Number of protein chains: 2
Amino acid sequence: MDKNKKLTIVDVATKAGVSTATVSRYLNGQLNQMSEKTAAKLKKIIEETAYTRNAAAVQLAKQKSNLVAVLASNIDEYFSSEYFKGIVSILSVQGFIGVLFDSNSDTATESALLETVYNQKFAGLVLQPVSTDHNLIEKFTNDGVPVVLIDRDIGNGKLSTVTTNNFQVTKFAMENFLDTGFNKVTIITEPINHISTRVERVAGIRSVFDHSQLIEVDSEHLDFSGLSNDLDISNPKNLLFVLKERLLIQLLANSDVLNAPQMPQRITGFIDTNIPKYLAPNYKFIQQSPFLMGATAAEILMTQISEKQPEYIKQIVIPSKFE
Amino acid sequence: MDKNKKLTIVDVATKAGVSTATVSRYLNGQLNQMSEKTAAKLKKIIEETAYTRNAAAVQLAKQKSNLVAVLASNIDEYFSSEYFKGIVSILSVQGFIGVLFDSNSDTATESALLETVYNQKFAGLVLQPVSTDHNLIEKFTNDGVPVVLIDRDIGNGKLSTVTTNNFQVTKFAMENFLDTGFNKVTIITEPINHISTRVERVAGIRSVFDHSQLIEVDSEHLDFSGLSNDLDISNPKNLLFVLKERLLIQLLANSDVLNAPQMPQRITGFIDTNIPKYLAPNYKFIQQSPFLMGATAAEILMTQISEKQPEYIKQIVIPSKFE
DNA sequence: TTGTAGGCGTTATCAG
DNA sequence: CTGATAACGCCTACAA
């Protein structure tokens, strides 16, 4: 019954009456190095037997894989899945495969994952960092494994990054709201934790508004009523700027309290989906382009991998739109 | 300058003055098979050199990895990320690592991914199938690689599955709406395509309502106004049942047209987040438990892998709630 | 407690 | 055009 002895390249070779070297050549597409006859024979046999190579063995022999690891800071953000799709869209045309890991907003998890990713000898790494520690990452680059950071920077200029213009777009938006008559901004965000995106956005706000209030929340265990108390709701000229879309949606959906006839829009923030637009068709938000960011990151990676240009370091900014 | 000759187990062995076997033993935790002295020495050296094993070599030698592949039908559903987190929560305590792939709702992509996952010799596979083809999957089980289907079944009873009670909960909900006075249901869904979840839900609806209308949409390129025309809006007793949360949210946000004073709730459907609740606090929806489903799937997988019970096949139903 | 050596499945170099 | 055969890095009987 145990006909399931896994077949190997040796089986294929014997069955075809050739050496494993020839089979290997066929498998790697060097068809010009063999007669059409043997090529045809191999094609037939491989199809019939449904033989596929053991990837671990290939990797060990070739010292490289065709897998690209993507480490998202937290996959429950729509932002992540969108840039992952962008990455995959580019990788796939080159025969590479993207796999997604979830750091779960936890530095310990992140370093554990970086470790295994490193050991697996992936062809490349796209990282949305949660820690600002370089050390783990340097192991990759020292090994010649290309790395590109997405969304967030960790401030050593030696890595490729794809980010958005957090500071500028926030500033632009804030100037707009300043003109509308607001005089204070309350920022609602998850803990800043030196995360570049958050730092830059807050800076953008403060570059325009003298008065700002920072409320750090844990969106896992959100105390919504507690939050309401902290808000300076009585002041109709107090703008709410929400850095996390999920939270923004929640507030928008409960925004009755926030209506003030003379102030057309009391809430804004960064968004990744259209949902806030559905909730408030006339509001303006800051929209990112995660898919494009992912695709860009993958392109940088691909030129480093395929074109053998390990020195190809790029810092690219994909602008967000306020509209 | 090229001090970056990658270090191997041999380097560690020589540096420690022992054989590679000893190092290997240390690496695999058989500390009782060596003197405390050498163990300490090894510990020190490995830490200093920051040596880590080449996972491909380990896999090749051991014929197994500690990676579990998760193939989501489409990661842009919140449902996916949630059950993935559930899976990881169980795997991690056993030292396994979950990696996520995206079939992108495409059968060709799915089979390509299954192929590479198979070749990579993952320890297990959690699959949310988009195709109903068994063949690819059988390669895994024939090889002794445990597979569990999540969310959707493909109707051969030989695989473990974790699903929800689609038919019953839908039926239950429909009976409720029937009592409220509705006499017709319009179902809005992506193409049914033999996908079990969709089939069962439609069946649940039709088991209660004699009159139903099925509208299949492509949520990628949604023609919202076209959709509105197809809807039998003039009939206030026509209930809208939306199978895709994203779409449901969109409709809820534009539901002014749907208000009919005498009919308290015109729209319902399956949901994975709280967002629809924010939009319509008094409405009732069908809520799934993706995290729990993921955790359950992972537990099945773990008993197959760790407990060496390859025959352990379970079909588990995690009920959804209508509330 | 430790070492030796064959094996895991493929690739790639070097002959023929 | 094809075939031996030494790597690739690690594990694991089997010995000692």
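The values are calculated or read from the model by the stated rules, or taken from the named source; none is laboratory data. This one's a predicted model, so the numbers in the text were calculated from it and none came from an experiment. Cβ: placed from backbone, ideal geometry, glycine included. Neighbour counts: every protein chain shown.
With respect to the conditions (1) under 19 Å from the mean Cα position of the chain (by Cα); (2) surrounded by fewer than 16 Cβ atoms within 10 Å (Cβ to Cβ), A:ASP151 falls short on a single one, namely (2).
The set of residues in the stretch B:141-155 that are under 28 Å from B:PRO319 (Cβ atoms) and in a helix (DSSP H, G or I) contains only B:THR141.
If you filter the stretch B:71-83 down to residues that are of a type outside the set (Gly, Ala, Ser) and more than 9 Å from chain A (Cβ to nearest Cβ), you find that the one that is surrounded by the fewest Cβ atoms within 10 Å (Cβ to Cβ) is B:LEU71. Could you go through the stretch B:92-104 and let me know if any residue there is among the polar types (S, T, N, Q) and either exposed (fewer than 12 other Cβ atoms within 10 Å of the Cβ) or within 15 Å of DNA strand D (Cβ to nearest atom) (or both). No: the stretch B:92-104 contains no residue that is among the polar types (S, T, N, Q) and either exposed (fewer than 12 other Cβ atoms within 10 Å of the Cβ) or within 15 Å of DNA strand D (Cβ to nearest atom) (or both). Summed over the stretch A:24-65, the residues that are surrounded by 16 or more Cβ atoms within 10 Å (Cβ to Cβ), away from DNA strand C (no atom under 11 Å from the Cβ) and either on the phi > 0 side of the Ramachandran plot or part of a helix (DSSP H, G or I) (or both) give a count of 5. Residues that are away from DNA strand D (no atom under 16 Å from the Cβ), loosely packed, with under 12 Cβ neighbours inside 10 Å and among the polar types (S, T, N, Q) occur in the stretch A:2-15; there is at least one. Going by the structure shown, is A:TYR51 within 30 Å of A:LEU149 (Cβ to Cβ) and away from DNA strand D (no atom under 11 Å from the Cβ)? No: the conditions fail for A:TYR51. If only residues of the stretch B:38-70 that are in contact (Cβ under 8 Å) with a residue 40 or more places away in the chain and at the interface with chain A (Cβ under 7 Å from one of its Cβ atoms) are counted, the one that is farthest from B:PHE122 (Cα to Cα) is B:ARG53.
Say we look at the stretch A:118-141 and pick out the residues that are without any contact (Cβ under 8 Å) to a residue 40 or more places away in the chain and under 23 Å from A:LEU91 (Cβ atoms); which of these is farthest from the other protein chains (Cβ to nearest Cβ)? Looking at residues that are without any contact (Cβ under 8 Å) to a residue 40 or more places away in the chain and under 23 Å from A:LEU91 (Cβ atoms), I get A:ILE137.
Would you say A:THR20 is within 14 Å of chain B (Cβ to nearest Cβ), within 12 Å of DNA strand C (Cβ to nearest atom) and of a type in the set (S, T, N, Q)? So A:THR20 fails the test. Pairs meeting the criteria (first residue in the stretch B:8-28 and under 14 Å from B:LYS44 (Cα atoms), second residue of a type in the set (Lys, Arg) and more than 8 Å from DNA strand D (Cβ to nearest atom), beta carbons under 6 Å, at least 6 apart or on different chains) are B:ALA16/B:LYS41. A count restricted to the stretch B:89-117 and to residues that are in contact (Cβ under 8 Å) with a residue 24 or more places away in the chain and either part of a helix (DSSP H, G or I) or within 10 Å of chain A (Cβ to nearest Cβ) (or both) stands at 16. Right, A:GLN309: outside the structural domain of A:ASP272 (by TED's automatic domain parsing) and at pLDDT 90 or above or not? For A:GLN309, the condition - outside the structural domain of A:ASP272 (by TED's automatic domain parsing) and at pLDDT 90 or above - is not met. Scanning the stretch A:155-171 for residues that are closer than 22 Å to A:MET302 by Cβ and in contact with a helix residue (DSSP H, G or I) (Cβ under 9 Å, 6 or more places away or on another chain) yields A:LYS158, A:LEU159, A:SER160, A:THR161, A:VAL162, A:THR163, A:THR164.
The helices (runs of 4 or more DSSP H) located wholly in the stretch B:219-292 that include 1 or more residues which are within 14 Å of chain A (Cβ to nearest Cβ) and modelled with pLDDT of 85 or more occupy B:245-253, B:275-279.
Based on what the data block shows, is A:SER81 in a helix (DSSP H, G or I), out of contact with any Cys (no Cβ under 6 Å at 6 or more places or on another chain) and within 11 Å of DNA strand C (Cβ to nearest atom)? Here the answer is no, as A:SER81 does not meet what is asked.
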